[in-house]
Amino acid sequence: MSGRPYPGAVETVNRVSKRVPVYYLSNNTSKSPVFYENRLKVMGLPLADDSIISALYLSLDAIHERNIKNVFFFANPEVYEWFAAQDPSLNLRPSVEETELVLVAYHNSFDYRELCELSFRVQRGIPFWVTHTDFVCPDERGPVPDIGSFMALLKTAYGVEPEMSFGKPNPAMLSGLLKLYRPEEILFVGDRLYTDFELAKRSGCRFVLPLCGESKMADVEKLDVKPEYIVNNVSEIDFNAFLEGKK
């Protein structure tokens with residue numbers, strides 16, 4: 001959801017949305033779901049109330065299920081404010097002694113002191129969750145460190161690893177959809193092999209890899225199990241054939 005859609009993607013998605021529901025899965029928790037809703041609208045993509053599936057929603061659900069109230073939330077200010085608004089009863093800046101849980105989102109505006117506050121908690125053995133485990137996030141100038149890189153830092157410094165991760169490739173990302181559709185009825189389109197393709201495999205969904213994103217044919221050739229369908233661009237996907245049962 002960088003704001004720059006792949007060539008022909010907007011027209012293709014709009015065409016498909018007239019026949020079947022379209023959903024958007026994102027591991028990027030540097031922005032809130034509201035931010036991405038607005039971005040998709042500006043891009044001209046179809047959007048329903050439940051179209052966006054974010055690891056932030058799954059994280060919040062897990063917190064509620066366990067009745068946790070004191071969560072040290074390591075996140076960008078906009079995401080922090082969105083999270084707080086979803087449940088005002090949560091204390092998202094507890095003291096070290098009060099902290100029941102550490103939750104790490106993709107934070108790309110922190111300073112060293114905030115990193116230290118995070119470290120003071122995880123080194124004490126306080127339960128540690130992450131919204132996702134991507135090592136890098138795409139940037140116009142090249143990949144930049146994402147949560148997976150933060151995890152490597154904390155493991156090197158303190159020997160700790162997160163107990164839970166909510167984003168792709170965790171099948172929980174599709175749990176809501178799998179209540180509505182059979183796995184074989186879901187066509188997953190994604191450009192990352194270790195998150196998108198892995199999630200499709202774990203969930204039993206069909207998968208299309210467009211090579212216009214992160215993954216290239218050289219990456220595919222290294223795999224033992226390869227994607228079912230590979231195209232150069234999203235606009236090349238023959239959705240009609242899938243919908244009519246010809247693929």
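The values are calculated or read from the model by the stated rules, or taken from the named source; none is laboratory data. Predicted, not measured: the structure shown is a model, and the values here were computed from it. As a convention, Cβ positions derive from the backbone with ideal geometry for all residues, glycine included, and neighbour counts pool all protein chains shown.
Restricting attention to the stretch 50-66, which residues are within 18 Å of the chain's Cα centre (by Cα) and of a type outside the set (Ser, Thr, Tyr)?
Matches in the stretch 50-66: ASP50, ILE52, ILE53, ALA55, LEU56, LEU58, LEU60, ASP61, ALA62, ILE63.
Of all residues in the stretch 20-35 being β-branched (Val, Ile, Thr) and surrounded by fewer than 16 Cβ atoms within 10 Å (Cβ to Cβ), which is nearest to ASP146 (Cα to Cα)?
Here is the first cut: in the stretch 20-35, the residues β-branched (Val, Ile, Thr) are 20, 22, 29, 34.
Those left that are additionally surrounded by fewer than 16 Cβ atoms within 10 Å (Cβ to Cβ): 20, 34.
Values: VAL20: 33, VAL34: 21 Å.
Result: VAL34.
For the list (1) part of a loop (DSSP other than H, G, I, E, B); (2) surrounded by fewer than 19 Cβ atoms within 10 Å (Cβ to Cβ), I need the number of the one condition that ALA218 fails.
Single failed check for ALA218: (1).
Contact list please: Cβ distance under 8 Å, first residue in the stretch 77-96 and assigned by TED's automatic domain parsing to the domain that holds LEU118 and acidic (Asp, Glu), second residue assigned to a loop (DSSP other than H, G, I, E, B) and surrounded by 13 or more Cβ atoms within 10 Å (Cβ to Cβ), pairs at least six apart or on different chains.
From the stretch 77-96, the pairs are GLU78/LYS31; GLU78/SER32; GLU81/SER32.
Output the residues belonging to the stretch 152-171 that are of a type in the set (Val, Ile, Thr) and either under 18 Å from ASP50 (Cβ atoms) or in contact (Cβ under 8 Å) with a residue 24 or more places away in the chain (or both). If you could, list the steps in order and put the result at the bottom.
Here is the first cut: in the stretch 152-171, the residues of a type in the set (Val, Ile, Thr) are 156, 160.
Listed by number, the list holds a single entry, VAL160.
With over 21 Å from VAL136 (Cβ atoms) and within 20 Å of the chain's Cα centre (by Cα) as the only criterion, which of LYS18, LYS69, LYS41 stands out?
Details: LYS18 fails: within 20 Å of the chain's Cα centre (by Cα); LYS69 fails: within 20 Å of the chain's Cα centre (by Cα).
Only one candidate qualifies: LYS41.
Determine whether TYR80 is aromatic (Phe, Trp, Tyr) and either in a strand (DSSP E or B) or within 26 Å of VAL20 (Cβ to Cβ) (or both).
Working: aromatic (Phe, Trp, Tyr): yes; either in a strand (DSSP E or B) or within 26 Å of VAL20 (Cβ to Cβ) (or both): no.
Judged against the criteria, TYR80 is not a match.
Residue by residue through the stretch 36-59, note down the ones that are surrounded by 14 or more Cβ atoms within 10 Å (Cβ to Cβ) and closer than 21 Å to ALA9 by Cα.
First, pick out the residues of the stretch 36-59 that are surrounded by 14 or more Cβ atoms within 10 Å (Cβ to Cβ): 36-37, 39-40, 43, 45-47, 51-59.
Within the stretch 36-59, TYR36, GLU37, ARG39, LEU40, MET43, LEU45, PRO46, LEU47, SER51, ILE52, ILE53, SER54 qualify.
One residue is enough: does the stretch 117-132 have a residue meeting the conditions at positive phi, at pLDDT 95 or above and surrounded by fewer than 17 Cβ atoms within 10 Å (Cβ to Cβ)? If you could, list the steps in order and put the result at the bottom.
First, the residues of the stretch 117-132 that are at positive phi: 125.
Next, from what is left, pick out any that are at pLDDT 95 or above: 125.
Cutting the leftovers down to surrounded by fewer than 17 Cβ atoms within 10 Å (Cβ to Cβ) gives us 125.
Within the stretch 117-132 (the criterion being at positive phi, at pLDDT 95 or above and surrounded by fewer than 17 Cβ atoms within 10 Å (Cβ to Cβ)), the answer is yes, since at least one residue qualifies.
What number of residues within the stretch 106-116 are buried (at least 20 other Cβ atoms within 10 Å of the Cβ) and part of a helix (DSSP H, G or I)?
Step one: list which residues in the stretch 106-116 are buried (at least 20 other Cβ atoms within 10 Å of the Cβ), which gives 106-107.
Checking the rest, the ones that are also part of a helix (DSSP H, G or I) come to none.
Residues flagged as buried (at least 20 other Cβ atoms within 10 Å of the Cβ) and part of a helix (DSSP H, G or I) within the stretch 106-116 amount to 0.
All but one of (1) under 30 Å from PHE120 (Cα atoms); (2) surrounded by 18 or more Cβ atoms within 10 Å (Cβ to Cβ); (3) of a type in the set (Gly, Ala, Ser) hold for ALA62, so report the exception by its number.
(2)
Give all pairs with beta carbons closer than 6 Å in which a residue from the stretch 224-247 that is under 17 Å from SER17 (Cβ atoms) and touching a residue at least 60 places away in the same chain (Cβ under 8 Å) meets a residue that is surrounded by 13 or more Cβ atoms within 10 Å (Cβ to Cβ) and of a type outside the set (Ser, Thr, Tyr); count only pairs at least 6 apart in sequence or on separate chains.
Close Cβ pairs (under 6 Å, with a partner that is surrounded by 13 or more Cβ atoms within 10 Å (Cβ to Cβ) and of a type outside the set (Ser, Thr, Tyr)) amount to VAL234/ALA9; VAL234/PRO210; SER235/GLY8; ILE237/VAL208; ILE237/VAL231; PHE239/VAL16.
Would you point out the residue of the stretch 78-98, among those that are more than 16 Å from GLU114 (Cβ to Cβ) and of a type in the set (A, V, I, L, M), that is surrounded by the fewest Cβ atoms within 10 Å (Cβ to Cβ)? Lay out the reasoning, then the answer.
Here is the first cut: in the stretch 78-98, the residues more than 16 Å from GLU114 (Cβ to Cβ) are 82, 84-91, 97-98.
When the remaining residues are screened for being of a type in the set (A, V, I, L, M), the result is 84-85, 90.
Values: ALA84: 16, ALA85: 10, LEU90: 18.
By that ranking, first place goes to ALA85.
Could you list all residues from the stretch 154-171 that are at pLDDT 95 or above, assigned to a helix (DSSP H, G or I) and either of a type in the set (Ser, Thr, Tyr) or surrounded by 13 or more Cβ atoms within 10 Å (Cβ to Cβ) (or both)?
Within the stretch 154-171, LEU154, LYS155, THR156, TYR158 meet the criteria.
Identify, by number, the condition in (1) over 19 Å from SER51 (Cβ atoms); (2) buried (at least 19 other Cβ atoms within 10 Å of the Cβ) that LEU174 doesn't meet.
Every condition holds for LEU174 apart from (1).
Tell me, please, whether a residue that is among the hydroxyl-bearing types (Ser, Thr, Tyr), assigned to a helix (DSSP H, G or I), more than 17 Å from ALA9 (Cα to Cα) and touching a helix residue (DSSP H, G or I) at 6+ places or on another chain (Cβ under 7 Å) can be found in the stretch 177-196. Spell out how you get there, then give the answer.
As a first pass, look at the stretch 177-196 and keep what is among the hydroxyl-bearing types (Ser, Thr, Tyr): 181, 194-195.
Now narrow it down to the ones that are assigned to a helix (DSSP H, G or I): 194-195.
With more than 17 Å from ALA9 (Cα to Cα) added as a condition, the list becomes 194-195.
Then keep just the ones that are touching a helix residue (DSSP H, G or I) at 6+ places or on another chain (Cβ under 7 Å); that gives none.
The answer is no, given that none of the residues of the stretch 177-196 is among the hydroxyl-bearing types (Ser, Thr, Tyr), assigned to a helix (DSSP H, G or I), more than 17 Å from ALA9 (Cα to Cα) and touching a helix residue (DSSP H, G or I) at 6+ places or on another chain (Cβ under 7 Å).
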